[in-house]
Amino acid sequence: MKKITFLALLLFVGNLVFSQKVMTRTGQVKFEASVPSFEPVAATNNSVSAILDKSNGEFAVLALIKAFKFEIPLMEEHFNENYMESSVYPKATFKGKIINFDASKLSISKKYDVEGDLTIHGVTKKIKTKISVVLKEGKVYLSNNFTVKAQEYNIKIPSLVKSKVSENVNIALDLTLDEK
């Protein structure tokens, strides 16, 4: 009887711990490195994975580089082969923590500081930015905008197109997380 009670308690606690995590595999990341008077250098990735531990604010995001889609197919090809070298560096990741995160206050939209390690093109840098978090209809919505410099992540912009591509890359993150 003690073994059955222990097993039931273990399953209950396991479910409690697991239910603290929300995730998605259909998040969105957009980036733009456009300059005025030239074609837009922008892409969207709609298959971004993310997980948030509501008990402590730990947060992780994974984006496969080849999943970024451009309006112009040739741009996508150059992006994967020449800039991001996606066969060598197939993913971008963020692993960090939402500071002072409080799951009990998720009913209102709130901005938090988030900090952690952003890895792009094989280079990892510590970043700190703001993220908006809100709970609506049982789902956690996160959104964020920040800028990185291509040079800081060893992304080389050839001199031939340097005037057509911004060194500052604007990144927008939109995630809808729920229990799986």
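The values are calculated or read from the model by the stated rules, or taken from the named source; none is laboratory data. Because the structure is predicted, anything quoted here is derived from the model rather than measured. Reconstructed Cβ throughout: ideal geometry from the backbone, glycine too, with neighbour counts over all protein chains shown. The area values use the complete protein model at the heavy-atom level, side chains included, leaving out ligands, DNA and RNA. Shrake-Rupley method; radii C 1.70, N 1.55, O 1.52, S 1.80 Å.
Some observations on this one:
- In segment 142-165, the residues that are on the phi > 0 side of the Ramachandran plot form Cβ pairs under 9 Å with partners that are part of a loop (DSSP other than H, G, I, E, B), at six or more places apart or across chains, as follows: Asn154/His121; Asn154/Gly122.
- Restricting attention to segment 72-94, the residues that are open to solvent by less than 80 Å² (accessible area, probe 1.4 Å) and among the aliphatic types (A, V, I, L, M) total 4.
- Which listed residue, of Lys69, Lys110, Lys105, is open to solvent by 70 Å² or more (accessible area, probe 1.4 Å), closer than 19 Å to Gln28 by Cα and basic (Lys, Arg): Lys69
- Candidates in segment 45-57 are the residues that are more than 14 Å from Asn144 (Cβ to Cβ) and part of a strand (DSSP E or B); of these, the one that is most open to solvent (accessible area, probe 1.4 Å) is Asn46.
- For segment 126-147, the set of residues classified as part of a loop (DSSP other than H, G, I, E, B) and either closer than 16 Å to Lys97 by Cα or among the acidic types (Asp, Glu) (or both) consists of Glu137 only.
- For segment 1-32, filtered to residues that are at pLDDT 95 or above and of a type in the set (A, V, I, L, M, F, W, C), the residue that is farthest from Thr147 (Cα to Cα) is Val22.
- Residue in segment 98-114 that is touching a strand residue (DSSP E or B) at 6+ places or on another chain (Cβ under 9 Å), under 30 Å from Phe38 (Cβ atoms) and part of a strand (DSSP E or B) present: no
- Residue in segment 70-88 that is among the aliphatic types (A, V, I, L, M), in a strand (DSSP E or B) and touching a residue at least 12 places away in the same chain (Cβ under 8 Å) present: no
- Among all residues of segment 148-164, there is at least one that is assigned to a strand (DSSP E or B) and either surrounded by fewer than 19 Cβ atoms within 10 Å (Cβ to Cβ) or in contact with a Leu (Cβ under 7 Å, 6 or more places away or on another chain) (or both).
- In summary, Asn144 fulfils each of the numbered conditions (1) under 30 Å from Pro40 (Cα atoms); (2) surrounded by 15 or more Cβ atoms within 10 Å (Cβ to Cβ); (3) out of contact with any Leu (no Cβ under 7 Å at 6 or more places or on another chain); (4) not acidic (Asp, Glu) with the single exception of condition (3).
- Any hit, segment 36-44, residues being assigned to a loop (DSSP other than H, G, I, E, B), among the aliphatic types (A, V, I, L, M) and either more than 15 Å from the chain's Cα centre (by Cα) or over 16 Å from Asn145 (Cα atoms) (or both): yes
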